[in-house]
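First up is the structure itself, then whatever we jot down about it.
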């Protein structure tokens with residue numbers, strides 16, 4: 001997929017959409033879980049994982065739009081609805 005640097009879980013747009021929902025509502029995605037497992041296994045450092053998930057958790061809007069069009073949902077309405085879901089976490093203070 002041209003909109004991501006990762007080669008796993010790029011799928012057909014489903015992953016881009018549900019990871020957007022997870023990250024927006026819960027504050028983490030399957031990318032965070034995957035990288036956390038790699039840290040525990042000693043495959044990468046926490047610092048490396050943080051760099052990777054910063055990139056991997058960027059919204060893949062073009063891919064999400066393609067997917068939502070394919071399943072018959074309006075992109076703007078759907079993203080607006082997801083963004084309106086109450087957060088399950090408190091954002092860190094700056």
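The values are calculated or read from the model by the stated rules, or taken from the named source; none is laboratory data. All figures in this text were calculated on a predicted structure; none of them were measured in a lab. Quick reminder, even Gly has a Cβ in these numbers, built from the backbone with ideal geometry, and neighbours come from all protein chains shown.
Whenever a residue of the stretch 63-81 is more than 13 Å from residue 20 (Cα to Cα), its partners that are modelled with pLDDT of 95 or more, lying with C-beta atoms within less than 8 angstrom and at least six residues away or across chains, give the pairs 69/75; 74/68.
Each row is one residue, and each column tells you yes or no for (1) part of a helix (DSSP H, G or I); (2) over 19 Å from residue 30 (Cβ atoms); (3) in contact with a helix residue (DSSP H, G or I) (Cβ under 7 Å, 6 or more places away or on another chain).
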{"position": "52", "(1), (2), (3)": "yes, no, yes"}
{"position": "55", "(1), (2), (3)": "yes, no, no"}
{"position": "59", "(1), (2), (3)": "no, no, yes"}
{"position": "62", "(1), (2), (3)": "yes, yes, no"}
{"position": "67", "(1), (2), (3)": "yes, no, yes"}
{"position": "73", "(1), (2), (3)": "no, yes, no"}
{"position": "81", "(1), (2), (3)": "yes, yes, no"}
{"position": "87", "(1), (2), (3)": "no, no, yes"}
{"position": "90", "(1), (2), (3)": "no, yes, no"}
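Residue-wise test of (1) modelled with pLDDT under 95; (2) in contact with a strand residue (DSSP E or B) (Cβ under 7 Å, 6 or more places away or on another chain); (3) surrounded by 17 or more Cβ atoms within 10 Å (Cβ to Cβ).
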{"residue": "10", "(1), (2), (3)": "yes, no, no"}
{"residue": "22", "(1), (2), (3)": "no, no, yes"}
{"residue": "25", "(1), (2), (3)": "no, no, no"}
{"residue": "31", "(1), (2), (3)": "yes, no, yes"}
{"residue": "36", "(1), (2), (3)": "no, no, no"}
{"residue": "42", "(1), (2), (3)": "no, no, no"}
{"residue": "48", "(1), (2), (3)": "no, no, no"}
{"residue": "68", "(1), (2), (3)": "no, no, yes"}
